[in-house]
Amino acid sequence: MVRKILYIVQSVIATLLLANPAMAFELPGRGDGHPVPWQLDFQVPATPVMEMLNGMHNELLVIITCISVFVMGLLGYTCWRFSAKRNPVPSKNSHNTMLEIVWTTIPVLILVIITIPALRTLYYMDKTEHADMTLKVVGYQWYWHYEYPDQQIGFDSYINRDADPAKGQIRLLEVDNRLVIPVDTSVRVLVTGADVNHSFAMPAFGVKRDAIPGKLNETWFRATREGTYRGQCSELCGKDHGFMPIVIDVVSKEKFAAWVAEAKTKFAISQDNAPAASTLASAQ
């Protein structure tokens, strides 16, 4: 019987690999800044917040696996030990005081073990008290508007619908104007919406904040690795909800300074490219 089950499992895996040969290479992958086919885990963490979230996920995975194995083992033993064949006369016990105490106390202790790191992570990811720079984000149907108030830069970011995979571009995850952020810099992010609810989400950063009209939400991140990271709007906001990607380039401080100097001539805040100013002010 065991051989038959193993044979069936092997056959299914072989069929999937034949149907999609790339699966053999992508199955264990963890997208470094973007999702990959058949990804089973989070993207590689790029911020301390995401590292904490990833660590907590792994801890919870161990806990729920132990609980599942214990419950399945207990259920299997019960089915075997108290089967009709072994117990033709069923037990008439109605309750057990010690058992009631044990199966109430143990779950409470498990919840406490989970709650402590959960609250620690929640408060840590809430906001930063010592931000090195501020980024303002406004969600529109269906694009993003970004502002760097300290640098007096503001621009819109639309999806690039002509992304070419042959050039290394990723379909539905390319934009015309990318966010550029210096590495090892604490960035305060102020998020709001201009029309309907949106959500600014960057998986590798552990960031997801709703952009709600009339309300100003705050989050933060500190990217510890240079590279390109991609996210999307994560709140259903209309027919083009799936066409609001977010692309962040994390660069060295020297490259960021050079980009700012260039961007000030291209994206200097004016009445034409700063429609979010009144939106953020009203949200405050």
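Values in this text are rule-based calculations from the coordinates and carry no lab data. Given the structure is predicted, the values throughout are model-derived calculations rather than measurements. A quick note on method: Cβ atoms are made from the backbone with ideal geometry, for glycine too, and the neighbour counts reach across all protein chains shown.
Pairs 215/264; 239/264; 167/215; 208/239: which exceed 30 Å Cα-Cα?
Distance filter (> 30 Å) returns 239/264; 167/215.
Please compute the modelled spin-label separation between residue 113 and residue 39, points set 7 Å along Cα→Cβ, answer in nm with one decimal.
Those two pseudo-labels are separated by 3.0 nm.
Putting +1 on Lys and Arg Cβ atoms and -1 on Asp and Glu Cβ atoms, find which of 202, 189, 242 reaches farthest to the positive end of the dipole of segment 145-260.
Checked the options; the winner is 202.
Any idea what % of Cα-Cα pairs in segment 65-224 are farther than 18 Å?
Cα-Cα pairs of segment 65-224 separated by over 18 Å account for 74 percent.
Provide the packing ranking of 83-91, 202-210, 173-181, i.e. peptides ordered by the mean count of other C-beta atoms within 10 Å per residue, highest first.
202-210, 173-181, 83-91
Are there chymotrypsin sites (Phe, Trp or Tyr not before Pro) in segment 72-142 that DSSP marks as loop and that have at most 14 other Cβ atoms within 10 Å, and which are they?
Passing sites in segment 72-142 are 82.
By the scheme Lys and Arg +1, Asp and Glu -1, what is the net charge of all other residues having a beta-carbon under 15 Å from that of residue 195?
Summing Lys and Arg as +1 and Asp and Glu as -1 gives -2.
In terms of modelled amide H atoms, which long-range or inter-chain residues lie less than 5 Å from the amide H of residue 232?
The answer is 201, 246.
If each residue of separation counts as 0.36 nm, what is the full-extension length gain between residue 166 and residue 81 once their alpha-carbon separation is subtracted?
Fully extending the segment from residue 166 to residue 81 adds 24.4 nm.
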